[in-house]
Structure formats: structure tokens, C-alpha cells
């Protein structure tokens, strides 16, 4: 009984209900990154620089990104062929093993807590919410507004045929419950769950979390590995460059296909701890020992200083400088669907001549 007051006192000091002193990324108030990095830079300094110096101008008449119309009938019926469709920003539809997976679904007009202000979508969602195939699994990397959208997850939860299973980092389950969504599994870094024939792992990246000025790093963030018996798909979410990717490769590499962000990186003095640039994205591709990578987190919302069409050009230059064929780290059009059978290590395909994932520009 003498220990009770001490236990109560210690409990009162912990605002993080998940706190585990054996885990270095846990703190009594929330979570932190694995590796040392510079402290957050001043957002007010950044905004002052934008006001004083301006930002690069957009093309006259706006951007002319091509929006491919997906074959919705095929995607709705498909439970056999592995495919990947880029819906926009960090939202991908992965069809694998008869399971439909969405990453960080955002299908509304703004990446903002406000309906009338904040980053506005420049390209419509390639698949509207009501046209999606039935979604079985949703993975959320963190709670920033361009990755966790209230209207989208509420719509998915109400989809015809039953809600998907949501997988989220520690601390986000109560937020989902507040919005009437209870089919949620929380994971810590390096934890896994099995669902619908897939092993689903939450893995570390260097980033942060917040939805208000008062809750910074109180919920966890992370990346996701979806492991099929014949295929490993890795979704980075958001990240600055760190040794976490080498750690992931030691446990799970090589990766068959990695979705790596290439946008939202300028100015570097402000963004470098939280968002990689295209050159660092190429380093991640190599760190993961990825057979193929796909570029995401660009061309949909302009949230930082670089123009929306710059990231693919810088990626192409970085790949050329590294001696990596462009097809190994490819850029998709909004709405484009790629068939992934060539990446599956199924016995029935091992004796076939290997098909390339992309067109002739991406030869082995």
C-alpha cells in the first residue's frame, strides 16, 4: 500500500497513456523520433520569408497535369490481379491478394481544418469516394490534415458492404472513436497484425504529429509495410531522411515496391527534418533495397515553396546522377493504374520471362 501514492504520482506525470520507458521513442508526454535531428524551425520565419521574398510563380494558366480516367469497372470487380492506382497526393489504391487497400485517403477539396481556407486541391481525386471499389483495409501514417481527412474516413466507414479495417499509429484510436469509427487497430513501431492474408507492420520514420497547436507529438506517426506471401509493399507516409530506412531494410529488405514521397520540401532549412527532397528519396530507394519505387506526395496540393511540377524533374535528374534507370523509380499520372504481376514472386511466374513493371524506358 505504501507504493500506491508513488504510483499515482507517477501516473499523474504521464500525459501519454501509452508510455513505455523501455521504448526510446516514447516520452511521458508523447513520442519522438529515433535519431537526433535539428529542432523544429520557426514557421513564422518561413511565412515572413514568403511575404518578403515571395514564392516561385506557377505557370500562366496553371498546371496541366493529366488526369487519367481509371477503369472503375475493372477495379471494382478485380480480386485477382495485383494493381496499384494513384488517386492523388499520398492516396494509393493497392489491390493485392484479393484485398483492396487505401493509403492515407484524402478525397476532399482542402488539406485543412477549414472548409474555406488552407491548401486547395489542384487535381481532382482520380476516384471519388462514391466510386471506389469496396475498401478492405485503410492504413493511416499520421494525423496531419493532408493524410487524415475527416470526411474521407467517415465516408469510407459508411461504405456499402461494410466498413474497412483501419490501421493507425498509437494514440489515434480515440480520435476515430470521436467520429463514430470503432473498427480501428492501433500499432506501435515494429508491431504487426495479420488481416485478410496480409501481415501489416507499422515501422518508424522521422516526422511528427499534430492537428492543433496544442497536441504536437501526442500521437505516433509511422510508415507501413504490407507483406503478402509473394510481395512486400512499403508506404513511407511522410518523413525526413534518417537511418530508419536502413533499419527497415535490415529487417525486411529487399522491398518489392516502395511508395516514397518526393514533394513538399522547400525551403530546406525549414522542411529538411520532416520532408525528403527528390535526391533524398533516391537515397531511401537505395536504403530499402527497393526493386521498384513509385513517387507520391506531389502534384496535388501546393503546401511548400517549390512549384508542383518541379519534383518529377528533380527526381529524374537524381536518378540519372545515381545511375538508376528511371523505370525503377517511376512517376505515375493521377488516376494511372499499374499491374504488378511482374513483381510477384509466385511459383507460377518464376519460370516466365520477367516482364517489366513499366514501359520500355524502365528496362532492367
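The values are calculated or read from the model by the stated rules, or taken from the named source; none is laboratory data. In this text, all values refer to a predicted model and were calculated from it rather than measured experimentally. Positions of Cβ are generated from backbone atoms using ideal geometry, with glycine treated the same way; all protein chains shown enter the neighbour counts.
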*Write out, first by first residue and then by second, each pair whose Cβ atoms fall under 8 Å of each other, whose residues are 6+ apart or on separate chains, and whose first residue, in region 196-212, is free of Cβ contacts under 8 Å to residues at least 12 places away in the same chain while the second is surrounded by fewer than 23 Cβ atoms within 10 Å (Cβ to Cβ) and part of a loop (DSSP other than H, G, I, E, B).*
none
*asked:* For residue 311, only one of the following conditions fails: (1) surrounded by fewer than 18 Cβ atoms within 10 Å (Cβ to Cβ); (2) in contact with a helix residue (DSSP H, G or I) (Cβ under 7 Å, 6 or more places away or on another chain). What is its number?
replied: (1)
*Condition met for residue 133 (crowded, with 18+ Cβ neighbours inside 10 Å and either in contact (Cβ under 8 Å) with a residue 40 or more places away in the chain or out of contact with any helix residue (DSSP H, G or I) (no Cβ under 8 Å at 6 or more places or on another chain) (or both))*: yes
_Which numbered condition in (1) surrounded by 15 or more Cβ atoms within 10 Å (Cβ to Cβ); (2) touching a helix residue (DSSP H, G or I) at 6+ places or on another chain (Cβ under 9 Å); (3) on the phi > 0 side of the Ramachandran plot is the only one that residue 171 fails?_
(2)
*How many residues does region 273-295 contain that are under 22 Å from residue 243 (Cβ atoms), outside any helix (DSSP H, G or I) and in contact (Cβ under 8 Å) with a residue 40 or more places away in the chain?*
6
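Test of understanding: among 181, 140, which residue is farther than 18 Å from residue 224 by Cα, touching a residue at least 24 places away in the same chain (Cβ under 8 Å) and either surrounded by 20 or more Cβ atoms within 10 Å (Cβ to Cβ) or touching a helix residue (DSSP H, G or I) at 6+ places or on another chain (Cβ under 7 Å) (or both)?
After ruling out the rest, the residue left standing is 181.
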*Could you list, in sequence order, all residues of region 232-244 that are in a strand (DSSP E or B) and either touching a strand residue (DSSP E or B) at 6+ places or on another chain (Cβ under 6 Å) or at pLDDT below 95 (or both)?*
233, 234, 235, 240
